[in-house]
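Working notes, beginning with the structure itself.
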Amino acid sequence: EAGVVQSPRYKIIEKKQPVAFWCNPISGHNTLYWYRQNLGQGPELLIRYENEEAVDDSQLPKDRFSAERLKGVDSTLKIQPAELGDSAVYLCASSLGLVITYEQYFGPGTRLTVT
Amino acid sequence: AQSVTQLGSHVSVSEGALVLLRCNYSSSVPPYLFWYVQYPNQGLQLLLKYTSAATLVKGINGFEAEFKKSETSFHLTKPSAHMSDAAEYFCAVSEGSSNTGKLIFGQGTTLQVKP
């Protein structure tokens, strides 16, 4: 069975440009997470979805970040406009549900470099 | 608020030696605790989790961790290191008292295994 798929794997953009990341979770997983991992740090949750509903977006910088999960499957995370400090790896994960003991399966991430 | 501290950003061991990665947590409620491993350019993979059952938890690849409430610790060990164990390891704690809380990750420990 395929794991969590993310694209692109790498992205280099200039500051003030927009960028979008795509995630396809494991089939049947209702919960989807977006994390940001800065260099040398652990992942930090940006937003999590239960089906189509964003159940926790308190850490998402809403002035420039947006996310959607149409039809409760694929998800897109967007940054507009990007800033130098947005350079990081953006990880998508999915799980069967919100219960924390459900294992989160992570994708390989998108490495964003903002110049 | 819950938090995690991983002591030592880099740990180096010889192949065949004991691996000990330290994790201390702060939580006002009984925690759920996790160890994840991240290989270069890959997403995180769950090694093991503590969910208030047995205090000694066995995971994949020969790793285990012991929950010690009195020491607020959840250290990860492996009796004999393999070259393939070289990776970054993250300890994580659940946030809040609900079992639908999010994960709070530590800053990670890079394990180097010398031949």
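The values are calculated or read from the model by the stated rules, or taken from the named source; none is laboratory data. These numbers were taken from a predicted model, which means no experiment stands behind them. So basically every Cβ, Gly included, is an ideal-geometry build from the backbone, and we count neighbours across all protein chains shown.
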- Would a scan of region B:16-39 turn up a residue that is modelled with pLDDT under 95, in a loop (DSSP other than H, G, I, E, B) and farther than 21 Å from B:Asn99 by Cα? yes
- Note on the structure: For region A:79-95, the count of residues that are out of contact with any strand residue (DSSP E or B) (no Cβ under 7 Å at 6 or more places or on another chain) and either within 14 Å of another protein chain (Cβ to nearest Cβ) or not in a loop (DSSP other than H, G, I, E, B) (or both) equals 1
- Task: State which residue is nearest to the other protein chains (Cβ to nearest Cβ) when the search covers only region A:101-115 and only residues that are part of a strand (DSSP E or B) and not hydroxyl-bearing (Ser, Thr, Tyr).
- Result: A:Phe106
- With (1) in a loop (DSSP other than H, G, I, E, B); (2) under 24 Å from B:Asn99 (Cβ atoms); (3) within 11 Å of chain B (Cβ to nearest Cβ); (4) not basic (Lys, Arg) as the list, and A:Leu60 as the residue in question, which single condition is left unmet? (3)
- Query: Which members of region B:49-67 meet the condition of being surrounded by 13 or more Cβ atoms within 10 Å (Cβ to Cβ), outside any loop (DSSP other than H, G, I, E, B) and either of a type in the set (Ser, Thr, Tyr) or free of Cβ contacts under 8 Å to residues at least 24 places away in the same chain (or both)?
  - Reply: B:Lys49, B:Tyr50, B:Val57, B:Gly62, B:Glu64, B:Glu66
- Message: Quick check on my filter: what residues within region A:51-74 are closer than 20 Å to A:Ala2 by Cβ, surrounded by fewer than 16 Cβ atoms within 10 Å (Cβ to Cβ) and at pLDDT 95 or above?
- Response: A:Asp74
- Message: Filter region A:11-50 down to the residues that are surrounded by fewer than 20 Cβ atoms within 10 Å (Cβ to Cβ) and aliphatic (A, V, I, L, M) and list them by number.
- Response: A:Ile12, A:Ile13, A:Val19, A:Ala20, A:Ile26, A:Leu39
- Picking from A:Leu98, A:Leu45, the residue that is part of a loop (DSSP other than H, G, I, E, B), among the aliphatic types (A, V, I, L, M) and in contact (Cβ under 8 Å) with a residue 12 or more places away in the chain would be A:Leu98
- Scanning for something in a strand (DSSP E or B), within 14 Å of chain A (Cβ to nearest Cβ) and in contact with a strand residue (DSSP E or B) (Cβ under 7 Å, 6 or more places away or on another chain), does region B:68-86 turn up at least one residue? no
- Note on the structure: Counting only residues that are more than 7 Å from every other protein chain (Cβ to nearest Cβ) and among the β-branched types (Val, Ile, Thr), region B:88-103 contains a total of 1
- Given the structure, is A:Thr76 more than 14 Å from A:Arg48 (Cα to Cα), in a strand (DSSP E or B) and of a type outside the set (A, V, I, L, M)? no
- Item | Qualifying positions in region B:104-115 - out of contact with any Lys or Arg (no Cβ under 9 Å at 6 or more places or on another chain), more than 7 Å from every other protein chain (Cβ to nearest Cβ) and not in a loop (DSSP other than H, G, I, E, B) | B:Ile104, B:Thr110, B:Leu111, B:Gln112, B:Val113, B:Lys114
- Task: Starting from region A:51-75, keep only residues that are under 20 Å from A:Pro18 (Cα atoms) and polar (S, T, N, Q), then list their pairs with residues that are modelled with pLDDT of 90 or more and not in a strand (DSSP E or B) whose Cβ atoms are within a distance under 9 Å, requiring at least 6 positions of separation or different chains.
- Result: A:Ser66/A:Leu60; A:Ser66/A:Gln80; A:Ser75/A:Pro25; A:Ser75/A:Arg69
